[in-house]
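Asks: Following this message is one structure expressed as structure tokens.
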Amino acid sequence: EAQVTQNPRYLITVTGKKLTVTCSQNMNHEYMSWYRQDPGLGLRQIYYSMNVEVTDKGDVPEGYKVSRKEKRNFPLILESPSPNQTSLYFCASTKRVGLAGAETQYFGPGTRLLVL
Amino acid sequence: DAKTTQPNSMESNEEEPVHLPCNHSTISGTDYIHWYRQLPSQGPEYVIHGLTSNVNNRMASLAIAEDRKSSTLILHRATLRDAAVYYCILRVKGSGGGADGLTFGKGTHLIIQP
């Protein structure tokens, strides 16, 4: 089954304790992204990657890192989490198509993070 | 991406058609119209997209006004599982290679009554 998986689905941590949220897709998509969703603010893009070893900042990249060493994986790293990073996180992947703008994004199930 | 306007919420009865409107008066000739939905406790899910002509797929139909300043997502026979937040999003043709983010507004919260 074609899907985007994220782990863990739920995480409670404390301020300053490094954590990684993994994301994997089995559709051989070139593009992958991370979003966070907060009440009243909607979904906002954190980072994206257009291919292996190619990453770029989205709208809210501060406090996050990403890496893309393999096509299928795109982990999100919080080096020193703070309470304002408490949020619902979604990973997404997109197949590159000839008509840019017509791509569809496939989202993972989400990771709910609470930073105390 | 250009701005879209949707009603905050709509209510419909199960097994009836639902028409979800979206206004995008500043749309350019190269903007695709995308619809996504987000079911409770799940990630957003692609529904349908179009450029100029009406589109149909297994989930829904997309009716695009002749001047493209508005569009309507049509669920032909709503079920309780269609209760979700529906987002209308414009994507510029040729933009960003596809990896740049979708701009999600507040969407329309669709309530389905049994």
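Laboratory data are not the source of any read-out in this text; all were calculated from the coordinates shown. Because the structure is a prediction, the values reported are computed rather than measured. Cβ: placed from backbone, ideal geometry, glycine included. Neighbour counts: every protein chain shown.
Asks: Short version: ³J(HN,Hα) in whole Hz for each residue of the range B:77-86, in order, from phi by Karplus 6.51 cos²θ - 1.76 cosθ + 1.60 (θ = phi - 60°), x for Gly and Pro, what are they?
Replies: 3J(HN,Hα) across the range B:77-86, in whole Hz: 8, 5, 10, 4, 6, 8, 5, 5, 9, 9.
Asks: Report, as an integer, the average count of C-beta atoms from other chains found within 10 Å of each Cβ along A:37-47.
Replies: That average works out to 3.
Asks: Hey, can you grab everything whose amide H is under 5 Å from the amide H of B:Glu14? Only 5+ residues off in sequence or another chain; H modelled, so Pro and N-termini drop out.
Replies: Here the answer is B:Gln113, since their amide H atoms fall under 5 Å of that of B:Glu14.
Asks: Just grab the label-to-label distance for B:His76 and A:Glu62, each label 7 Å out from Cα along the Cβ direction, in nm (one decimal).
Replies: Roughly 5.0 nm, to one decimal.
Asks: Can I ask one more? Rounded to the nearest 0.05, what FRET efficiency do A:Glu70 and A:Arg9 have when you use their Cβ-Cβ distance and R0 = 35 Å?
Replies: 0.95
Asks: Of chain A, which part is the longest with no trypsin sites (Lys or Arg not before Pro) in a loop (DSSP not H, G, I, E, B) and with at most 12 other C-beta atoms within 10 angstrom?
Replies: With trypsin sites (Lys or Arg not before Pro) excluded where exposed in loops, chain A gives A:19-68 as its longest stretch.
Asks: What is the sum of charges around B:Val85, taking Lys and Arg as +1, Asp and Glu as -1, for the other residues whose C-beta is under 13 Å from the C-beta of B:Val85? All intermediate terms of the calculation are to be shown ahead of the outcome.
Replies: Values: positive: B:Arg37, B:Lys106; negative: B:Glu45, B:Asp82.
Around B:Val85, the charge tally is 0.
Asks: Considering lysine pairs in chain A that are 8 or more places apart or on different chains, how many have Cα atoms under 15 Å apart?
Replies: Lysine pair count for chain A: 4.
Asks: So for the pair A:Asn26, A:Val97, with labels modelled 7 Å out along Cα→Cβ, what separation do we get in nm?
Replies: 2.3
Asks: Quick one: grab the alpha carbon gyration tensor of the protein assembly as shown, order the square roots of its eigenvalues as a ≥ b ≥ c, and give me rounded if a/c is under 1.5, else prolate or oblate depending on whether a/b is larger than b/c.
Replies: Prolate.
Asks: I would also like to ask the following. Amide H neighbours of A:Arg96 under 5 Å, counting only residues 5+ apart in sequence or on other chains, H built in-plane at 1.01 Å?
Replies: A:Glu30, A:Tyr31
Asks: Let me ask something else about it. Considering the alpha-carbon set of chain B alone, what are its Rg and its Dmax in angstrom?
Replies: Gyration radius and largest Cα-Cα distance of chain B: 13.5, 42 Å.
Asks: Inside 10 Å of the C-beta atoms of A:103-111, what's the mean count of C-beta atoms belonging to other chains?
Replies: Partner-chain Cβ atoms within 10 Å, mean over residues of A:103-111: 6.
Asks: Still on this structure: Which whole-Hz ³J(HN,Hα) couplings does the range A:66-82 yield from phi under the Karplus relation 6.51 cos²θ - 1.76 cosθ + 1.60, θ = phi - 60°, glycine and proline marked x?
Replies: Karplus-based 3J(HN,Hα) across the range A:66-82 equals 9, 8, 9, 8, 10, 5, 7, 10, 8, x, 9, 10, 10, 5, 9, x, 10 Hz.
Asks: Counting other beta carbons within 10 Å of each Cβ, put A:Ser87, A:Ser33, B:Ser41 in order, fewest first.
Replies: By the 10 Å Cβ count, ascending, the order reads B:Ser41, A:Ser87, A:Ser33.
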